[in-house]
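K.L.:
My structure is below; once you've seen it, I'll send some questions.
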Amino acid sequence: MINIQSLKFSYRPNRPLFEDLSLRLEAGHIYGLLGKNGAGKSTLLKQIAGLLFPDGGACEVTGYKTAKRQPAFLREIFLVPEEFNLPKISIRTYVKANAPFYPRFDEQAFYSYLKEFAIPQDQQLTNMSYGQKKKVIISFALATNTKVLIMDEPTNGLDIPSKSQFRKVMAAAVTDDKCMVISTHQVRDLDNLIDSIVIIDDHKIIFHQDVGTVTDKLSFKLLGQLDDRLPILYADSSLRGHSVIMKNENMEQSKIDMELLFNAILSNRQPIQELFN
Amino acid sequence: MQSNNVLDFRRLGYYFQYHILASWKSYLLGALSIFGLLMVVPAFMLLTRNCPRELSEVVGFYYFGLFFGGLLFTSMAFSELASKEKGAQFLMLPASHFEKFITIFLITTVGFLLVYHIAAYAALLFLNKVSLISNEAALQLDWRFLTKEDGHIYIYYAYLFCHALFLLGAIYFARLAFIKTLVATLVCLTGLYLLNTLFVWILFAGNMQTAFQNAPFILVGVHDGMYKSSVYVISEKMINSYIFIAQYLLAPVLWTVAYFRLKDKEI
C-alpha cells in the first residue's frame, strides 16, 4: 500500500533529514506514527502525501509515485493536517465542491459522522470553532473512503467526549482495504485504536511492530514496589506506583501503554529492540 | 475505465465548479470594484465639468485599468500556495496540475478580460451620456483598439506577455507576488540592458562617447569622425523575428514554464 524505499531527503544541502529510510505499510491497519518534535514525522507524512519530493529513493502509494501527484493517486489518499484552512462556505457547499473528486464518497456516512460528532449541518465552516472544523474534516476524510488516510494530530483541539467519538468512528471506518496512518503526540487518546506502532527518532524508523507482537513480547504492569528480580526493561514512577515494561516471559496478557513504550524505546532502545529481532 | 491523469474534461468541470464555489464571492467583489472604479472616471468628469470630446483623451484610463487590474488579479491567482495549509489542500485535491493550471489560466485571461470589457463598455456608455450633457455632442470614437497600422494591437500582445510573466510570478513567489514579480522583472531587464551595453561598449568603444548610446538588441549610435554620427540598426529580418517572438512565443513559453513550476511546487 505505502512503500518507501531508501528515501533520501533534506531541506538544506548537506543537512540530510532522511538517509536510506525504508518503510512498508499495509492495508487493514491503523498505524500510529510516534516521535519527538522535529523527529521528521510531518516530513514523512508530506512525502507520503506527495507534498514533498524525495531527493533519492522512492516513495510509492498504491503503486503510484507520490511526487507526480497524479489524480489517480490523489483520489486514493486523504490528508487531515494538523493546521488547516476551510473556505467561507457551508458544509453542504463544501461537500458539493469536494465530493465529486472522490469516486467512493459516501454522503450518507458523512452526515452520520457529523451527527455522531454533534455538528450542526447548516453552518458556515468559518463560523465554527477549531474543534468543530476538525470534526468536519475528519468526517469528510472518512466518508471519502480513500485507500490511504493520513491524519496529523487528529485529536488536537478535540474535547474529551469528541476524542471517544473519534475513536468510535475511526474503528467503524477501518476496513481490510484501507491503510490509516495517524501521527500523534497524544498516544493515550489512541491507545485502543492503533494496531501497529511506528516510532521515528533522529530521522530514522527505530521501531515498527504490531500491537499483538508487542504485547506478546512485553508485559505492561503497574507495581507498588520495584523488585530487582523482575525482568524490568523500563519503569516510570508516579503517585499511583511504578508503571513498568517487562519481558513477557510467562506470556501474560496485558494492555499496551503506548506512552510508556515510546519512552522506553527512546531511553532504553537496545534491549527492547533485541527482543523483537 | 481509467481516466486520463493529465486532462479529463469531467474532472476539469469538477475543478472549475470547486474553484467557483470557493471563490465566487471574492470574484463578485472584484468585478463590482472594477465596475465601480471605471464608473468613477466619467462621474468625476461630470462633476468637474471637464468632459472629454474624444475617446483618445481617456483611453489611458482603460489601458491602466487593464494592465494594473489584470496583472494584480493574475498575481493573486495562486495565493493558496502562500499558505502551507491552503497550499496542501490545493495540491492534494484530486485534479491534475494541468486542470488546476488551465482553470486559473482561463479565469485570469478570458474571465478577467470579459468582465473588464463589459465594465469598460458600460463606462464608455456612461461617458457618452456625460459628453452629451456637458458638450451637447456624443463622444467621438477616434481610437481603434485592434489595429496593426498604428500599433494598438501590440498593447494586447504586451498585456498577454505581462500576464504570462505575472502568472509565473504568482506561482514562483509565495507572498507579495505582484511586487516581487515587478521588482524581479525590472532587475532582469536592467541586467539585460547592462549586459547588452557591456557588449556594445566592447565592440564599439572607440566610436562611442558613452556606453549608453544604444537601444538594447535593436540599435547603437556611434561617431564616425568629429561631426558625423551613425546609427547601426539590426536588419529588418531580425526585427521581424523579434516581432514574431514577442507576438507568438514569449507568452506561451512563460505560460509553459509557469505550468512546470506548478508541477514542481512543494509545500
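A short reminder: the numbers here are calculations on the coordinates, not readings from a lab. Keep in mind that what you see is a predicted model, and the values were worked out from it rather than measured. Please note: Cβ atoms are built from the backbone with ideal geometry, for glycine as well, and neighbour counts cover all protein chains shown.
K.L.:
Considering all projection directions equally, how large on average is the shadow of the alpha-carbon convex hull of region B:9-193, in square nanometres?
P.N.:
Result: 13.2 nm².
K.L.:
Calculate, for A:Arg229 and A:Asn156, the FRET efficiency according to 1/(1 + (r/R0)^6) with r their C-beta to C-beta distance and R0 41 Å; round to the nearest 0.05.
P.N.:
Calculated transfer efficiency: 0.45.
K.L.:
Report, as an integer, the average count of C-beta atoms from other chains found within 10 Å of each Cβ along A:100-110.
P.N.:
2
K.L.:
So, one more: Can you compute 3J(HN,Hα) from phi for each residue in region A:26-34, using the Karplus curve 6.51 cos²θ - 1.76 cosθ + 1.60 with θ = phi - 60°, rounded to whole Hz and x for Gly and Pro?
P.N.:
Whole-Hz 3J(HN,Hα) from phi for region A:26-34: 9, 6, x, 10, 10, 8, x, 9, 10.
K.L.:
My understanding is that a pair violates if its Cα-Cα distance is over 22 Å; which of A:Lys96/B:Lys25; A:Lys36/A:Lys178; A:Lys8/A:Lys178; A:Lys36/A:Lys135; A:Lys36/A:Lys204 do that in this structure?
P.N.:
With Cα atoms farther than 22 Å apart: A:Lys36/A:Lys178; A:Lys8/A:Lys178; A:Lys36/A:Lys135.
K.L.:
Using a 10 angstrom Cβ neighbour count of at most 13 plus a DSSP loop assignment to flag exposed trypsin sites (Lys or Arg not before Pro), which longest range of chain A is free of such sites?
P.N.:
A:105-228
K.L.:
Let me know the volume per residue of the alpha-carbon convex hull for the protein assembly as shown, in Å³.
P.N.:
Convex hull of Cα atoms, per residue: 234 Å³.
K.L.:
Residues with amide H under 5 Å of A:Leu233's amide H, sequence separation 5 or more or different chain, H placed in the peptide plane at 1.01 Å from N; which?
P.N.:
Result for A:Leu233 returns A:Ile245, A:Met246, A:Lys247.
K.L.:
Determine the shape class of chain A: with a ≥ b ≥ c the square roots of the Cα gyration tensor eigenvalues, call it rounded for a/c under 1.5, and otherwise prolate if a/b is greater than b/c, oblate otherwise.
P.N.:
oblate
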